[in-house]
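See structure below.
The values are calculated or read from the model by the stated rules, or taken from the named source; none is laboratory data. Since this is a predicted model, take the numbers as computed values, not measurements. Cβ coordinates were reconstructed from backbone atoms using ideal geometry, including for glycine residues, and neighbour counts include every protein chain displayed.
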Amino acid sequence: MDQVKSSLPGPNDIYREVLTNGITVLTRSNFNSPSVVVSGYFNAGSLFDPDEKLGLADFVTAAIMRGTKERTFDQIYHELESVGASLGFNTGVHKSGFSSRSLAEDLPLLLSLLSEALTVPTFPKTEMEKLRAQLLTGLAIRAEDTSDMASMVFDGILFKGHPYSRPEDGHPETVTKITRADLVEFHREKYGPRGLVIAIVGSVKSEEAVRQVKRALGGWQVKGQKEAPELPPLKLLKKTVSKHHRIAGKSQSDLIIGTTGPMRRDPEFMPASVGNNILGQFGMMGRIGDVVREKSGLAYYAYSSLSAGLGPGSWEVNAGVNPQNVKKAWGLIVDELKRFIQEGVTTDELADTKANFIGRLPISLESNGGVANALLNIERHDLGLDYYQRYEGLVNEVSREDVLTTARKFIDPDRLAIAVAGS
Amino acid sequence: MKNNLTEIILSNGLKVLLKEIHTAPIISSWLWYRVGSRDEVQGRTGISHWVEHMQFKGTPQFPANILDKAISREGGSWNAFTYIDWTAYFETMPADKVDLALRLESDRMSNSRFDSDEVASERTVIMSEREGHENEPLFQLGEAVQQTAFRVHPYHHEVIGDMADLRTMTRDDLYSHYRAFYLPNNAVMAVAGDFDTQFMLARIKELFEPIPAGKEPARLARSEPSQNGEVRLSVEGPGATSYVQVCYRFPIASHPDFFPLSVLDSLLAGPSNLNMFSGGISNKTSRLYRALVDKEYVVSVHGGAQATIDPFLYTITMTVHPKRKPEEVLTALDREIQRVREEKVSKEEITRAIKQARALFAYGSENITNQGFWMGYAEMFADYNWFQTYLDKLSAVTAKDVQRVVNEYFKPQSRVVGTYIPAEGRRT
């Protein structure tokens, strides 16, 4: 076990430095492979988007690689792809992010391209229109995807009237309205060094990695970088609400049944995680998988998941079933949720899940990408650099009572959000 | 032992590859069987995949609901894959727990129960899996293209199988298939990670050597006759987006032309990533992206081939731009392929393809599971040396080689062109 513990990231091998312009850099060296990962996030999520231009933040993250003051779109990707490197941006509600990797020898190139995209994008008009056609095609494909649509309908019910009800990639009518001036303004006001966090993991010494970040981004200053709007309070459901979104010609429907969940920093997060693992993850998708898949043969996938971030989370069960079996699967899942909050979990189930959480940790931290995500997780939720070394103790503290109390706090079978998408 | 690698064949024919890697307290253990959807006759399509599912349904020693929990309890991650040429099972475990994985795999090599009730409930699970695939336009199109490309060869059908066969196959069909192919002399075991080779080998011998060898299973050998003329097909279905798929004949992985074709793939469509546990890179400066996406014929283009035992396909998949017709896309694609035929490929483009492959290899080596994967995977279509010498063989490719293979393999008369025509906004 000592060997396992010493392989986990901790204060002894994570280096953290906050640059004078507000950028936080986290690094951990790994010389086992000649590659390096650079990941991070910054405060420019879809929370800023006006309703009528929903998808703006997403459009900006897609557009900043389409041309900068230094290079054209083709030149940027020529540099990247010629050395087998990758750099991609993504959009979240609170934060947008990036992930990239290269051979260690190409880290300076990676950081200079990252810096250009973040600081001096030019949003060329022709590239923007090409991108718009691609985004709109993506939305047309989304409209035909039972899983994506069930998820959108589910968020619409659970987070009604709250920004979390809105899809980050917007709607065709909102993406159509976005102008080049909107992109330029969004970038000017919302992009900046404050809140930017960068994790570098791989075949590079920490001090060298930090030196390279300073060279690429240490001089970035933005006056009046805007703060994201405050999250309004969430109105909880007063009764179960269900919606069926029809998509013609589909042989399988997606079903989501769920409720709100804890925030990542809430004390209930760990008991909820442990409970969720027993409910719909452990072994072959936990109790839900056992009832819906193994015993009834109704679905290839049926599992539960917990989504916990900076605001209210969701706790949901997903299943893909034949349209004729939707009601049957729905009934089985609600019965399982009832059993979960009535009986709680058994001592054996709890012991199994604890062993699973503790045992799988080194495997989840095997690759540079896995470690980079762990470092960002520590920073985003203020978990402490020793979080992964304390993790075993945190898991072991969870009792059966904690799981039951947490389950009862969040899951009420009479106040569920239920979404179906399919024929 | 060479480069920490040990290769040995046990007395019952089981080939074992062991590679010590002491970078993390993790071991990844893989068991590969030489059986896949190419070993299935009509009426039994999908049987290899279904057998793979039944391998999670228990033995007398590890009953169904014990088995999955046992691995999870130890913090292991495990899964299985059925492909056209092979079926593979893996467990990645904390190093001190690997014995459970070894015991489980040796047990289910010959002792799986195939209980009738379990067969019945798994039938509908797999039908549901297929229904999920059928929701996707690209599955519908890919299935139609593949069955058109292979009239004679059993690469004809999808791994999941046809619904007609999923409805009618019996428990005994499944069990016979299992017994015929799940033999030590038809398998390769590959273990990578934090262990001592002598100790690991002794334990593998102890667990696997008592399993008797069986009659070497014959694999179906119906080779596809040459195709003398382009075939076009269309699939209609829901949605608003058109897709075009173009497939050319591609040689087997152990053929020398595989390497110049891999360079060609890199410059046409961006490098294919052969790793299973590590992502690829973008293809925005590939020739097809520049000619088709930049010029707004399509909104995305992807190309790639698989390493296979018999000649399979190089597939180019394109999502048609809303303003364009599939015919225009095809004309633009042909123009670009014609350009590779006529103009010499530059040295820089080849150097670039090699650097891309080197980077993808480095990313794959971060991960012990992926290293375990490669040892057995390479054995399924060639041998591990194929993997170890891959970069050298790529480095030896010349511009002349690339030009020769494009003329030989990318011929219009031996390709299949499929179009997905969406019900909404059908464009004529």
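Side notes on the structure shown:
- Of everything in the stretch B:116-143 that is acidic (Asp, Glu) and within 12 Å of chain A (Cβ to nearest Cβ), the residue that is surrounded by the fewest Cβ atoms within 10 Å (Cβ to Cβ) is B:117.
- Only listed residue being over 16 Å from residue B:374 (Cβ atoms), within 14 Å of chain A (Cβ to nearest Cβ), part of a helix (DSSP H, G or I) and not β-branched (Val, Ile, Thr), chosen from B:22, B:49: B:49
- Considering the stretch B:68-115, and only residues there that are within 11 Å of another protein chain (Cβ to nearest Cβ) and of a type in the set (Ser, Thr, Tyr), the residue that is nearest to residue A:295 (Cα to Cα) turns out to be B:72.
- Any chance residue A:372 is surrounded by 16 or more Cβ atoms within 10 Å (Cβ to Cβ), modelled with pLDDT of 95 or more and in contact with a His (Cβ under 9 Å, 6 or more places away or on another chain): no
- Checking every residue in the stretch B:284-301 against the condition of being more than 9 Å from chain A (Cβ to nearest Cβ) and touching a residue at least 60 places away in the same chain (Cβ under 8 Å) gives zero matches.
- Condition met for residue B:81 (outside any helix (DSSP H, G or I) and under 14 Å from residue B:104 (Cα atoms)): no
- One residue stands out among those in the stretch B:278-291 that are out of contact with any helix residue (DSSP H, G or I) (no Cβ under 6 Å at 6 or more places or on another chain) and over 30 Å from residue B:372 (Cβ atoms): the one that is surrounded by the fewest Cβ atoms within 10 Å (Cβ to Cβ), which is B:290.
- Of the residues making up the stretch B:388-418, those that are surrounded by 19 or more Cβ atoms within 10 Å (Cβ to Cβ) and either hydrophobic (A, V, I, L, M, F, W, C) or not assigned by TED's automatic domain parsing to the domain that holds residue B:362 (or both) are B:394, B:397, B:402, B:405, B:406, B:410, B:416, B:417.
- The single residue among B:221, B:213 that is in contact with a Gly (Cβ under 9 Å, 6 or more places away or on another chain) and not assigned by TED's automatic domain parsing to the domain that holds residue B:387 turns out to be B:213.
- Residue match in the stretch B:370-380 (condition: under 30 Å from residue B:246 (Cβ atoms) and among the charged types (D, E, K, R)): no
- Criterion violated by residue B:363 - all others in (1) in a helix (DSSP H, G or I); (2) modelled with pLDDT of 95 or more satisfied: (2)
- Conditions (1) surrounded by fewer than 22 Cβ atoms within 10 Å (Cβ to Cβ); (2) within 21 Å of the chain's Cα centre (by Cα); (3) within 13 Å of chain A (Cβ to nearest Cβ); number of the one not met by residue B:383: (3)
- Scanning the stretch B:212-265 for residues that are free of Cβ contacts under 8 Å to residues at least 60 places away in the same chain and either buried (at least 20 other Cβ atoms within 10 Å of the Cβ) or within 30 Å of residue A:139 (Cβ to Cβ) (or both) yields B:258, B:265.
- Residues of the stretch B:25-46 that are aliphatic (A, V, I, L, M) and assigned to a loop (DSSP other than H, G, I, E, B): B:35, B:41.
- Identity of the residue in the stretch B:357-377, facing chain A (nearest Cβ under 7 Å) and small (Gly, Ala, Ser), that ends up surrounded by the most Cβ atoms within 10 Å (Cβ to Cβ): B:359
- Qualifying position, being modelled with pLDDT under 95 and either more than 30 Å from residue A:83 (Cα to Cα) or among the hydroxyl-bearing types (Ser, Thr, Tyr) (or both), among A:29, A:39, A:33: A:33
- All of (1) away from chain A (no Cβ under 11 Å); (2) in a helix (DSSP H, G or I); (3) under 21 Å from residue A:77 (Cβ atoms) hold for residue B:272 with one exception: (2).
- Every residue from the stretch A:2-55 that is over 30 Å from residue A:230 (Cβ atoms) and of a type in the set (Ser, Thr, Tyr): A:6, A:7, A:15, A:27, A:29, A:33, A:35
- Taking the stretch A:1-111 and the helices (runs of 4 or more DSSP H) fully enclosed by it, the elements with 3 or more residues that are in contact (Cβ under 8 Å) with a residue 60 or more places away in the chain, in contact with a helix residue (DSSP H, G or I) (Cβ under 9 Å, 6 or more places away or on another chain) and not assigned by TED's automatic domain parsing to the domain that holds residue A:191 are at A:2-7.
- Residue match in the stretch B:275-283 (condition: touching a strand residue (DSSP E or B) at 6+ places or on another chain (Cβ under 9 Å), within 9 Å of chain A (Cβ to nearest Cβ), more than 25 Å from residue B:227 (Cα to Cα) and among the hydroxyl-bearing types (Ser, Thr, Tyr)): yes
- Residue that is farthest from residue A:189 (Cα to Cα) [pool: residues in the stretch A:112-127 that are crowded, with 19+ Cβ neighbours inside 10 Å and aliphatic (A, V, I, L, M)]: A:113
- Filtered residues of the stretch B:314-354 (kept if buried (at least 20 other Cβ atoms within 10 Å of the Cβ), at the interface with another protein chain (Cβ under 9 Å from one of its Cβ atoms) and in a helix (DSSP H, G or I)): B:352
- From the list A:318, A:377, A:325, the one residue that fits, being under 30 Å from residue A:16 (Cα atoms), outside the structural domain of residue A:37 (by TED's automatic domain parsing) and polar (S, T, N, Q), is A:377.
Yes/no per residue for (1) within 24 Å of residue A:257 (Cβ to Cβ); (2) without any contact (Cβ under 8 Å) to a residue 40 or more places away in the chain; (3) under 27 Å from the mean Cα position of the chain (by Cα); (4) more than 11 Å from chain B (Cβ to nearest Cβ):
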position: A:340; (1), (2), (3), (4): yes, no, yes, yes
position: A:354; (1), (2), (3), (4): no, no, yes, no
position: A:361; (1), (2), (3), (4): no, no, yes, no
position: A:366; (1), (2), (3), (4): no, yes, yes, no
position: A:370; (1), (2), (3), (4): no, yes, yes, no
position: A:378; (1), (2), (3), (4): no, no, yes, yes
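- Filter result for residue B:244 (within 13 Å of residue B:336 (Cβ to Cβ) and in contact with a strand residue (DSSP E or B) (Cβ under 7 Å, 6 or more places away or on another chain)): no
- In the stretch A:250-268, the residues that are of a type in the set (D, E, K, R) reach residues that are surrounded by fewer than 20 Cβ atoms within 10 Å (Cβ to Cβ) with C-beta atoms within less than 6 angstrom, at least six apart or across chains, in these pairs: A:250/A:423; A:254/A:147; A:264/A:309; A:264/A:381; A:265/A:381.
- Matching residues, the stretch A:280-311, being more than 10 Å from chain B (Cβ to nearest Cβ), more than 23 Å from the chain's Cα centre (by Cα) and over 18 Å from residue A:407 (Cα atoms): A:291
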